[in-house]
Each structure stands twice: as structure tokens, then as C-alpha cells.
Amino acid sequence: MKLSKKELEYCTTCPKLCRFACPVANSEYRESVTPWGKVSMLYYLSKDFVPHTSENYDLMYHCTNCLACREFCEHQISVPDLLINGRNMAYEKSRHNKGLERTLKNIKRHGSVFNEKLSEKIKSEFDTVYFSQSLKVQLFAGCVYTKNQFESIKKAIFILDRLGIDYVGIYSKDEFCCGLPLYSSGFSDEFSEYIEKVRRNFSGIKKIIALCPACAYTLKSLYKQFDSPLRAEVLTFSEFILPYIRSGFKNQKKICEHYAYHDPCYMSRYLNQTEEPRDVLKSTGAILTEFLWNKKNSICCGGGGMHKATNPETTRDIAIKRIDEYNATGAKALVTSCPTCIKTFKDANNELPIKDIVDVVYEFLRQR
């Protein structure tokens, strides 16, 4: 991975116009973890102006990869991409966060970010018909759904069946993870090698429906950046089911529940999908109240970019701030479309009424 000299210099000499948008800086109250502070350190490291110590490289990991800073950047610079370069530099110099080596080990051994072979779990829970090679559309569940929200995968299959879609299989190859944790950790060479295997697994597949927006972005965009583009069209679950719900269930009894929708970073800022999930929810009869900070200005849950693994206390503080914002909406439940957001919010407040968008659609369609 090559550092952009222009972007490094622009960020380092910038008057910190995106400073207020960084959830990490707003939580830690340190100038050094603002986007400007982190990129400045990366610039100094790249120029050998400061010693290459673990302490200096540690700043590279104080980022959730939320991309909120870019929304207020005159030059549209992606600070997360710069800092991932910094993490890669740290790894090359053995100054990286050693806790992330567990991620590398798990993906190499099990094909998932967790210490278990999730592909086997998928195979054991679903009928063999879903693994037929004749099915050219595949549901990509991802690690976090399979580990923490397995019922949501079953509900997604129910939804597809209820919509009359009987041509979707379930991805269950040994390389089960999309690979994003490798990229986010700064293991760029390992990421490049791994995704080539995933790309081959999708040979002949026409369409991929990714339950997790982070997986969707990785498969759709990151693979291209690493010269391993997929031929298959990649869609989010909301994006795929929206036209079917709109056209086929106009007379279905509405659920009329009051929700506040939290925009996941990968869904809103990376994939530019803010209306699709809202339209899906509105199609069920849901009454939506917006967060103060919403859509592309949504505040991160705090759990992205391996930040929860490297800085768990800051992650929790960021999540609590967002939960406080939810409480001000007066909604009955918080709804989102990212399993990492759900896990992060639940870890911060286990009593929080929170649902996946899949849960809402399932409740709507199971009515007779």
C-alpha cells in the first residue's frame, strides 16, 4: 500500500475543520487522536521525523474507520485509508497492536474472525438445497451475523421465501470471512492473498446479497482496489428486497411501530445507502423518528475498524453517547442494519431495545 503524499500533507497542514466529527476525539478529549493529530503523526513517521515506537504507532489504531471526517473535508480525504496505511507500516516494523494477531490467526485457521469454523455452523443449520452449485445468487451472512445473530440469518431466509425468491443459496466456503478485519488491522499482504481465494469461491456466481454492510462494501469495492474484483453484482439486503416488498405487499397489515433508525457507517458513508433501509422500514408501516445526527452525518457506534478490539473503553463511551441520542428520540426501539453496531450497543447497554432491520421485516411478513 502506498501513502498519498498529497493527502498526508493536506491533512497535516489543515486547520482541523473535521475535528468535531471524530467520535474517538470526542470521547478521549485528546488533540493527538483528532484526524489531524493522527495523520500528522503518520506524516512525521513517514518522514522519520519521530522515532518508530509502538507508542507513536498506537495512534493509528484510535480510529473506527467511520469516515465521518470526510463528510466535512474540503478535499474529500479518507483518513481511515491513510491510517490503515499507518497500521500496515506498524506491522512491517513489528510495532503493531499485538492483540490483532489473534484476528490474523483465526482467519488463517478457521476462515473467520472468530476462533471457530463458522462455515460448518452454517452447513449444519440449513438444508443442503441452499448449498447447491446450481444456485447463482448467494446470501453472504458474514462472521458477525453467524456468531452473534444466527436467528437473523434464518429470518432472512424466511423473508426471501415469503417474497417468493427461491433461487438464493447460502455462502458456506472455508474462506467464510470477507477479509475486512485483515485490511482494517493493517495486514495488507495477508488481505490481498486471502481475498483472491474468496474471489475464486464466487466463480460463476451472478449476484451476492450481503447481510452485513461492511461485508458488502468489502466485496464490492475493496476487492477492486486490491485487483481482485468480483464479477458478481453485490447488493445489501435492504437494497435487494426493497422492490419486492414495495410491489408485492401493499395490502399486508402494517406493524405501525415507532423506531429510530441508526445509520451504520458502511451503509451510509461507504455505500451511500441511507434511503433504502428507511424505505424498507416505511413499507412495513414503521413510524420513523430521526436521530439528531443521521444519514451521512450519523455518529458511529464505536465498534468499527477493529477499534473495539484495540480500544474497548473508548468504544463503549462512543456507544453510550449514541444511545443517549437515541433516548432523546422517544422511539420504542432502535433499529439498524449492521450486526457490529447491534453487538456494540448491546455491550454498552444490555437493556437497550434494539432490532435488526431483518427482524422488523420478518415481523411484518410473518403476519397472515
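Each value in this text was obtained by applying a stated rule to the coordinates, not by laboratory testing. Please read all numbers here as calculations on a predicted model, not as lab measurements. No Cβ is skipped: glycine too gets one built from the backbone with ideal geometry, and neighbour counts run over all protein chains shown.
Can you pull out the residues in segment 55-88 that are over 17 Å from the mean Cα position of the chain (by Cα) and on the phi > 0 side of the Ramachandran plot? If the condition is that a residue be over 17 Å from the mean Cα position of the chain (by Cα) and on the phi > 0 side of the Ramachandran plot, then 76 is the only one that fits. Name the pairs: first residue in segment 239-260 and closer than 20 Å to residue 330 by Cβ, second residue charged (D, E, K, R) and in a loop (DSSP other than H, G, I, E, B), Cβ to Cβ under 8 Å, at least 6 apart or on different chains? Pairs that qualify, where the first residue is closer than 20 Å to residue 330 by Cβ and the partner is charged (D, E, K, R) and in a loop (DSSP other than H, G, I, E, B), are 257/332; 258/332; 259/332; 260/290.
For segment 124-156, taking the residues that are polar (S, T, N, Q) and exposed (fewer than 14 other Cβ atoms within 10 Å of the Cβ), the one that is nearest to the chain's Cα centre (by Cα) is identified as 124.
Residues in segment 312-335 that are in contact with a Lys or Arg (Cβ under 8 Å, 6 or more places away or on another chain) and either farther than 20 Å from residue 279 by Cβ or surrounded by 20 or more Cβ atoms within 10 Å (Cβ to Cβ) (or both): 315, 334, 335.
So that you can scan it fast, the table gives a plain yes or no per residue for (1) among the aliphatic types (A, V, I, L, M); (2) more than 22 Å from residue 295 (Cα to Cα); (3) surrounded by fewer than 23 Cβ atoms within 10 Å (Cβ to Cβ):
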residue: 23; (1), (2), (3): no, no, no
residue: 26; (1), (2), (3): no, no, yes
residue: 37; (1), (2), (3): no, yes, yes
residue: 48; (1), (2), (3): no, yes, yes
residue: 54; (1), (2), (3): no, yes, yes
residue: 62; (1), (2), (3): no, yes, no
residue: 71; (1), (2), (3): no, no, yes
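Scanning segment 5-21 for residues that are surrounded by 15 or more Cβ atoms within 10 Å (Cβ to Cβ) and polar (S, T, N, Q) turns up just one, 12. Of the helices (runs of 4 or more DSSP H) contained entirely in segment 148-242, those carrying at least 2 residues that are within 26 Å of residue 99 (Cβ to Cβ) and of a type outside the set (S, T, N, Q) fall at 180-185, 188-201, 213-217.
Yes/no matrix, rows are residues, columns are (1) within 28 Å of residue 301 (Cα to Cα); (2) outside any helix (DSSP H, G or I); (3) not hydrophobic (A, V, I, L, M, F, W, C):
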| residue | (1), (2), (3) |
| --- | --- |
| 10 | yes, no, yes |
| 16 | yes, yes, yes |
| 36 | yes, no, no |
| 45 | no, no, no |
| 59 | yes, no, no |
| 65 | yes, yes, yes |
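Going residue by residue through segment 157-179, is there one that turns out to be basic (Lys, Arg), touching a strand residue (DSSP E or B) at 6+ places or on another chain (Cβ under 9 Å) and either closer than 22 Å to residue 236 by Cα or in contact (Cβ under 8 Å) with a residue 40 or more places away in the chain (or both)? No.
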